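A.B. asks: Next up is a structure, given as structure tokens.
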Amino acid sequence: MRRFVADKAKTLINRSRTTCSSSSPITTSTSVLQRLTSSSSQSPAVLRFLSTSSDSMASDYSSTPVTLNNVNPKVLKCEYAVRGEIVNLAQKLQNDLKENPGSHPFDEILYCNIGNPQSLAQQPITFFREVLALCDHPLILDKSETQGLFSADSIERAFQILDQIPGRATGAYSHSQGIKGLRDTIASGIEARDGFPADPNDIFLTDGASPAVHMMMQLLIGSENDGILCPIPQYPLYSASIALHGGTLVPYYLDEETGWGLEVSELENQLKTAKSKGINVRALAVINPGNPTGQVLAEANQREIVEFCKKEGLVLLADEVYQENVYVPEKQFHSFKKVARSMGFGEKDISLVSFQSVSKGFYGECGKRGGYMEVTGFSPEIREQIYKVASVNLCSNISGQILASLVMSPPKVGDESYESFAAEKEGILSSLARRAKTLEDAFSSLEGVTCNKAEGAMYLFPRINLPDKAIKAAEEAKTAPDAFYARRLLNATGIVVVPGSGFGQRPGTWHFRCTILPQEEKIPAIVSRLTEFHKQFMDEFRG
């Protein structure tokens, strides 16, 4: 009976899709239309259809109240390269491959553009998913079979968590900062990590780290005269959120020659320059381990940064979502809170916001949207304002809240799940380290390419010295040279990378960001395709 119903549903859905595709207006942009119409593979009928659709679109929407001329200019200014034009093209090519196998010189799209581990076949941590399943369907806990299907510690943890949730219902709203018991668990985890006390009232649970960053930008930015010091290269969340909230990004350049080092002298120079332009710099954003650059800050460097923020009266925004991703034995993650407290700075000495997420590390639960920020060094009056902003969104999702507590309090030695948990964690992190080294070596072997070591995070950010002829071709195509390279790479190999121009870079330099996340067995194919493409590209444009 179930199979019959499912088959009927599929038939209805497919029929609906067919009807919709023949009647819905096409929303192809002019630039996409030009690319499509320039392809020799399109039939005259398709070209006529696209052309007619485009013409009718303009007339259909010309009288609508929202246009590019009156939409919020902050939205127009906002860009997010990680899911930008190259990725849109990749999705089109993926559809082409599905509908017309063999239509391109590759048989699959290899997404190296975004830190989305489970989309690239990384398996979730068993203990985390067992606890989630039991919390989401607590009736399972009363069944006799459960003892044989789930570990004893996952059952015990699920009971503990459900007892902390009002009504034992994961589908209900929670406190706007998150469930109190889960915040207690996270605070205990922070204390165990750092060796300094943590207060659950300082924890705001969020749908990943991104909403927490937006929340702080809302708090700190009042006009374009308010600035945020951000690293260049930077994760585009920061430039996008600053643009959306109407502030000014004050760039400080990481030193590629010293492994993407963060020099306090550079911070001082950029702060002085911003002040001379009338910019009121409110905060310093630091990403450690780095995205897209993959460096891990030395503790001595972190102390200098804390001193700088203290001296200049800046809020320190510490993006620490890759804290589990450290691949070199000579480096270790230290939270900025730990560093500040070890320097003798207390609650009232420095304003610090630390961001964590369940999307990264070895867990990679991007779709569950869990994370938190720990807010310290703010007055009770300001904390009320932060809480007000959080309450506008009611609360973060409960599954994400549960995961955040599990990440900060995983199985311990002696627990039934500990050995399997430790094996899964080690397997993922050691594989990521091997993949990072393989790709780093491959990039460094290419003509005109240099690549710093991936000390942590999930990315490499190689620099490509492009021939003048390639730069000129990019100018003629009205695109950045590294975007030109990335597009050519995608069309030739199916490999998706993000142009460095989407992250910011020193003028006159070109890069791309590549994740280390594709399955380990696919890394050799990526290296082979990339190496062959790069040689052909350089031969074509060398002179």
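The values are calculated or read from the model by the stated rules, or taken from the named source; none is laboratory data. What you are looking at is a predicted structure, and each value in this text was computed from that prediction instead of being measured. In this analysis, Cβ positions are derived from the backbone assuming ideal geometry, glycine residues included, and neighbour counts consider all displayed protein chains. Accessible surface areas use protein heavy atoms only, side chains included; no ligands, DNA or RNA. Shrake-Rupley method; radii C 1.70, N 1.55, O 1.52, S 1.80 Å.
A.B. asks: Would you please name the residue that is modelled with the highest pLDDT, looking only at residues in the stretch 66-108 that are open to solvent by 90 Å² or more (accessible area, probe 1.4 Å) and closer than 21 Å to PRO233 by Cβ?
C.D. replies: Ranking the qualifying residues of the stretch 66-108, first place goes to GLU85.
A.B. asks: Looking at the stretch 125-159 only, could you name the residues that are surrounded by 15 or more Cβ atoms within 10 Å (Cβ to Cβ) and either of a type in the set (S, T, N, Q) or not in a helix (DSSP H, G or I) (or both)?
C.D. replies: Passing the criteria: ILE125, THR126, THR146, PHE150, SER151, SER154.
A.B. asks: Would you check which residues across the stretch 259-281 are part of a helix (DSSP H, G or I), of a type in the set (D, E, K, R) and farther than 13 Å from GLU312 by Cα and list them?
C.D. replies: First pass over the stretch 259-281, keeping only residues part of a helix (DSSP H, G or I): 264-276.
Next cut, of a type in the set (D, E, K, R) only: 266, 268, 272, 275.
Answer for the stretch 259-281, where residues must be part of a helix (DSSP H, G or I), of a type in the set (D, E, K, R) and farther than 13 Å from GLU312 by Cα: just GLU266.
A.B. asks: On to the next question. Which of the following residues is within 21 Å of SER359 (Cα to Cα), touching a residue at least 60 places away in the same chain (Cβ under 8 Å), touching a Lys or Arg at 6+ places or on another chain (Cβ under 6 Å) and not assigned by TED's automatic domain parsing to the domain that holds TYR252: ILE203, ILE186, ILE190?
C.D. replies: The unique qualifying residue is ILE203.
A.B. asks: Separate question: Of everything in the stretch 367-419 that's among the small types (Gly, Ala, Ser) and part of a loop (DSSP other than H, G, I, E, B), which residue is nearest to GLY115 (Cα to Cα)? I'd like the intermediate steps shown before the answer.
C.D. replies: Just the residues of the stretch 367-419 that are among the small types (Gly, Ala, Ser), to begin with: 367, 370-371, 377, 379, 390-391, 396, 399-400, 404-405, 409, 414, 417.
The next check asks that each one be part of a loop (DSSP other than H, G, I, E, B); those that pass are 370, 377, 379, 396, 409, 414, 417.
On the way: GLY370: 15, GLY377: 31, SER379: 35, SER396: 21, SER409: 23, GLY414: 33, SER417: 27 Å.
Only one residue tops the list, namely GLY370.
A.B. asks: Look at LYS275 and say whether it is out of contact with any Asp or Glu (no Cβ under 7 Å at 6 or more places or on another chain) and surrounded by fewer than 18 Cβ atoms within 10 Å (Cβ to Cβ).
C.D. replies: Working: out of contact with any Asp or Glu (no Cβ under 7 Å at 6 or more places or on another chain): yes; surrounded by fewer than 18 Cβ atoms within 10 Å (Cβ to Cβ): yes.
So LYS275 passes the test.
A.B. asks: Could I ask something else about it? What do you reckon, is ASP184 acidic (Asp, Glu), under 30 Å from MET343 (Cα atoms) and open to solvent by 10 Å² or more (accessible area, probe 1.4 Å)?
C.D. replies: Working: acidic (Asp, Glu): yes; under 30 Å from MET343 (Cα atoms): yes; open to solvent by 10 Å² or more (accessible area, probe 1.4 Å): yes.
Against the criterion (acidic (Asp, Glu), under 30 Å from MET343 (Cα atoms) and open to solvent by 10 Å² or more (accessible area, probe 1.4 Å)), ASP184 qualifies.
A.B. asks: Just to be sure I understand, how many residues within the stretch 143-188 are at positive phi and touching a helix residue (DSSP H, G or I) at 6+ places or on another chain (Cβ under 6 Å)? Don't jump to the end; show me each part of the working.
C.D. replies: Here is the first cut: in the stretch 143-188, the ones at positive phi are 167-168, 178.
Okay, now just the ones that are also touching a helix residue (DSSP H, G or I) at 6+ places or on another chain (Cβ under 6 Å), so 168, 178.
Adding up the residues that qualify gives 2.
A.B. asks: Does any residue of the stretch 519-529 turn out to be outside the structural domain of TYR253 (by TED's automatic domain parsing), in contact with a Lys or Arg (Cβ under 7 Å, 6 or more places away or on another chain) and within 28 Å of LEU254 (Cβ to Cβ)? Walk me through how you get there before you give the answer.
C.D. replies: Filtering the stretch 519-529 for residues outside the structural domain of TYR253 (by TED's automatic domain parsing) gives 519-529.
In the following step, the residues that additionally are in contact with a Lys or Arg (Cβ under 7 Å, 6 or more places away or on another chain) were identified as 520, 523.
Filter once more, keeping what is within 28 Å of LEU254 (Cβ to Cβ): 523.
For the stretch 519-529, residues outside the structural domain of TYR253 (by TED's automatic domain parsing), in contact with a Lys or Arg (Cβ under 7 Å, 6 or more places away or on another chain) and within 28 Å of LEU254 (Cβ to Cβ): present.
A.B. asks: Given the conditions (1) outside any helix (DSSP H, G or I); (2) open to solvent by 30 Å² or more (accessible area, probe 1.4 Å), report the number of the one that ASN491 does not fulfil.
C.D. replies: Among (1) outside any helix (DSSP H, G or I); (2) open to solvent by 30 Å² or more (accessible area, probe 1.4 Å), the lone unmet condition for ASN491 is (1).
A.B. asks: Looking only at the stretch 221-251, which residues are in a strand (DSSP E or B), surrounded by fewer than 24 Cβ atoms within 10 Å (Cβ to Cβ) and not hydrophobic (A, V, I, L, M, F, W, C)?
C.D. replies: Scanning the stretch 221-251 gives ASP226, THR248, PRO251.
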